[in-house]
Amino acid sequence: MEHYGRPTALILCEIRPPRRLYPHGFCSRAPESILYNLRYCSFLAMTILTCSEETVRLWAMQLLAAPQASGLLQAAAAKIAATGEWLAVLRLCQRWNVLPSLAATVAREKIALPSTQAASLQRENTLEFFRTTLCLRVGCEALRLLADAGIPAVAFKGCAVIALLHPGSRGRMVQDVDVLIEADQVPAALTLLQAHGFKRTVGDGDLADYIAFVQNSPGAAGNQAISLTGRQSTALDLHWKLGRLDAAELLGTAWRVNFLGFEVPIVRPAFGLLLTVHHAIRNDFVPDDIARDVLDSCGWFRLLAADPAELACAREHADRWGLSDAVGAMSLIGQHFGHAGLLGNDRPTAAASDLADLYLRQLASAPINTDLAYLGSSRAARQVLSGALSGWRRYAGMMRAFEASNGEESRSLWQRIWRLALAAWALSPAEWRQVRALAHAKDRLVQ
């Protein structure tokens, strides 16, 4: 399901403790004493509420992302067992949509779970396998319909990951199938799919109004797609624009693989990596939203390391499509979890380091208010203004429809501004630098 309803998630960022506290928690001079003491009290409150969850989040990602049989992985498993947090880890992995990865790790590393949690993991993972298989089959049928109608299409993200990195679909789940077509084929493709039972998930009005909205949605970061619901509540996202990525090249270089009894076009591995990174940027490097992207990127890096031609292609197109800093960031994140030299000996840029630090900071604390990125970009303001000038009521109505479909609370403009102001006030200089790096990375997707 595409997220156009919110510009981005509106969650207050973490509030760090003051850096110069005196014994009683107060600083030496006014007005800094008031400012820092307020920050300190907020920090204590958040620590009491979220410390346990934050620790579990770190352990869970170490368990999932660390190399096989590594000390980091074994240490994470031991800490989870010692603190009795397996149930919390299962719930977290279910929220992150990575239960198959957890199940594969537990089986491969012979990790002993309490019997209740072991049974729960087996049951839920089996259900996810059947849901994924059904979703993939419906997606493959849609791809065959498009091919029979002479509409070029290619699958990417989850479908490509499973086809090339997880044969058998046991190690990866999907909630939808992502398909790319050419922009001028959207009306024909939509008519065809609707004639075969697919329905638009959001916005059943004029297609031109819908397209105008997604063009002016800053949260989309250049992605333009429409979400469709198939039989048994399966989902298909039909894309026609992916920022600066060249749709014609993605379609023209597709690989054809045998998949669930279908011959399916998927993106080549180099582009599989870049599209995974592209998704991570669009989701603001928020750990809860990109857990699969982190794991998938590590898999793509390993695959490309054995194929110099694909790795060279990925490097060339990352530079061409404005993704080089974000690719470097994902490499650094992989290295943080114990994967050495995913991009060889390349020295990461400052922006790549800032993006990696942004992810790791959110993993260790709390998600930022990602609307902060708009303070470092004029693009977002121009898009919202353009949407408002085309008809604010229609634009706001479409935004609320997307928010409702994503289970998000709809807030007034003033509520958003107030929350954004609070989040901005709490940022340190280092955090501002990370937010600016995110804003520039998102801008490069559409420039």
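The values are calculated or read from the model by the stated rules, or taken from the named source; none is laboratory data. Worth saying up front: this structure is predicted, and the values here are computed from it rather than measured. Cβ placement follows ideal geometry from the backbone for every residue including glycine, while neighbour counts extend to all protein chains displayed. To get the accessible areas, we keep the full protein, side chains included, count just its heavy atoms, and leave off ligands, DNA and RNA. Shrake-Rupley method; radii C 1.70, N 1.55, O 1.52, S 1.80 Å.
Ranked by the mean number of other Cβ atoms within 10 Å of their residues, highest first, the peptides 239-245, 422-428 fall in the order 239-245, 422-428. By the Stokes-Einstein formula, at 0.692 mPa s and 37 °C, the range 210-367 with its Kirkwood radius over alpha-carbon pairs has D equal to 196 µm²/s. Spin-label pair LYS199-GLN94: with each label point 7 Å from Cα along the Cα-Cβ axis, the two points sit 2.7 nm from one another. A straight line joining the Cα centroids of the range 205-284 and the range 153-175 runs 14 Å. Between ALA424 and ASP206, residue separation times 0.36 nm minus the direct Cα-Cα distance comes to 74.7 nm.
Calculated on the alpha-carbon coordinates, the convex hull of the range 78-193 measures out at 110 cubic angstrom per residue.
Gain on full extension, evaluated as 0.36 nm per residue between ARG123 and ARG144 minus their Cα-Cα distance, stands at 4.4 nm.
Here the accessible area of the range 224-269 is 45 percent carbon and sulfur, with a 1.4 angstrom probe and all protein chains present.
Full extension from ALA350 to ARG320: what is 0.36 nm times the residue separation minus their Cα-Cα distance, to one decimal in nm?
This chain segment gains 8.9 nm when fully extended.
Computed packing ranks the peptides 226-234, 257-265, 354-362 as 354-362, 226-234, 257-265, most packed first, by mean other Cβ atoms within 10 Å.
With an a/c value of 1.5 or above and a/b not larger than b/c for the gyration tensor axes a ≥ b ≥ c computed over the alpha-carbon atoms, the range 201-282 is described as oblate. A crude spin-label estimate for the pair ASP307 and ARG108, with each label 7 Å from Cα along the Cβ direction, gives 1.9 nm. Rounded to whole numbers, the Karplus 3J(HN,Hα) couplings from phi for the range 77-85 are 4, 5, 5, 5, 5, 5, 9, x, 9 Hz, using 6.51 cos²θ - 1.76 cosθ + 1.60 with θ = phi - 60°, and x at Gly and Pro.
Ordered by packing density, taken as the mean number of other Cβ atoms within 10 Å over each peptide's residues, highest first, how do 277-285, 77-85 rank?
Working: 277-285: 25.6, 77-85: 15.2.
By packing density, highest mean first, the sequence is 277-285, 77-85.
Accessible area ranking (1.4 Å probe, heavy atoms, ligands and nucleic acids excluded), largest first, for SER115, SER331: SER115, SER331. The residues of the range 259-306 expose, per residue, 23 Å² of accessible area to a 1.4 Å probe. From the Kirkwood radius over Cα pairs of the range 235-301, Stokes-Einstein at 4 °C and 1.567 mPa s returns a whole-number translational diffusion coefficient of 98 µm²/s. Remark: spin-label model distance LEU58-LEU375 equals 2.6 nm, labels positioned 7 Å along the Cα→Cβ axis.
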